[in-house]
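> Have a look at this one.
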Amino acid sequence: MDKIMVPVILLALIAVTVYLIVRKTRRGGGCCGEHEEAEKRIPVNDKNKSHYAYRAEMKIAGMTCENCARRVENALNSLDGVWAKVDIGSRKAIVRLKAPPDERNIKTTVLNAGYAVTEITIDGERTKEKFYL
């Protein structure tokens with residue numbers, strides 16, 4: 001009886017493991033739950049481009065899906081006087097600002113959202129810097 005029980009138990013464990021792997025694969029379970037409900041977009045009240053005298057373009061590392069892009073966009077749009085658009089395809093954020101940009105604050109905001117600014121161009125002046133998570 002013991003000789004039969006060991007293979008049966010092993011087979012049951014293998015079956016459960018395979019089931020759990022297949023289940024996780026079907027659900028996704030990527031970096032930040034791409035099959036979960038998307039974060040709501042933080043609305044920008046002032047969308048008149050002429051009100052934003054400054055512009056920054058940033059390359060952002062760590063984004064892998066639309067939820068990541070939304071998270072970065074929301075973090076930037078939560079700053080006062082900022083209107084940001086993030087494109088997951090190019091891994092870039094275009095940031096319009098009403099006041100002169102505080103580069104350190106912008107980079108820290110992205111870092112606190114869980115991502116890293118690898119390059120930033122503010123009004124045509126580029127700086128490369130890696131912010132590690």
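The values are calculated or read from the model by the stated rules, or taken from the named source; none is laboratory data. If you're wondering where the values come from, they're calculated on a predicted model, not measured in any experiment. Counting neighbours? That spans all protein chains shown, and the Cβs are built from the backbone with ideal geometry, glycine included.
> Any residue at all in segment 57-76 that is outside the structural domain of Leu111 (by TED's automatic domain parsing) and at pLDDT 80 or above? Before the answer, list the steps.
As a first pass, look at segment 57-76 and keep what is outside the structural domain of Leu111 (by TED's automatic domain parsing): none.
Within segment 57-76 (the criterion being outside the structural domain of Leu111 (by TED's automatic domain parsing) and at pLDDT 80 or above), the answer is no, since none of the residues qualifies.
> If you take the residues in segment 113-123 that are outside any loop (DSSP other than H, G, I, E, B) and more than 12 Å from the chain's Cα centre (by Cα), which one is modelled with the lowest pLDDT?
By that ranking, first place goes to Ile122.
> How many residues are within 16 Å of Asn67 (Cβ to Cβ) and part of a loop (DSSP other than H, G, I, E, B) when one looks only at segment 82-112?
Total satisfying the criteria: 3.
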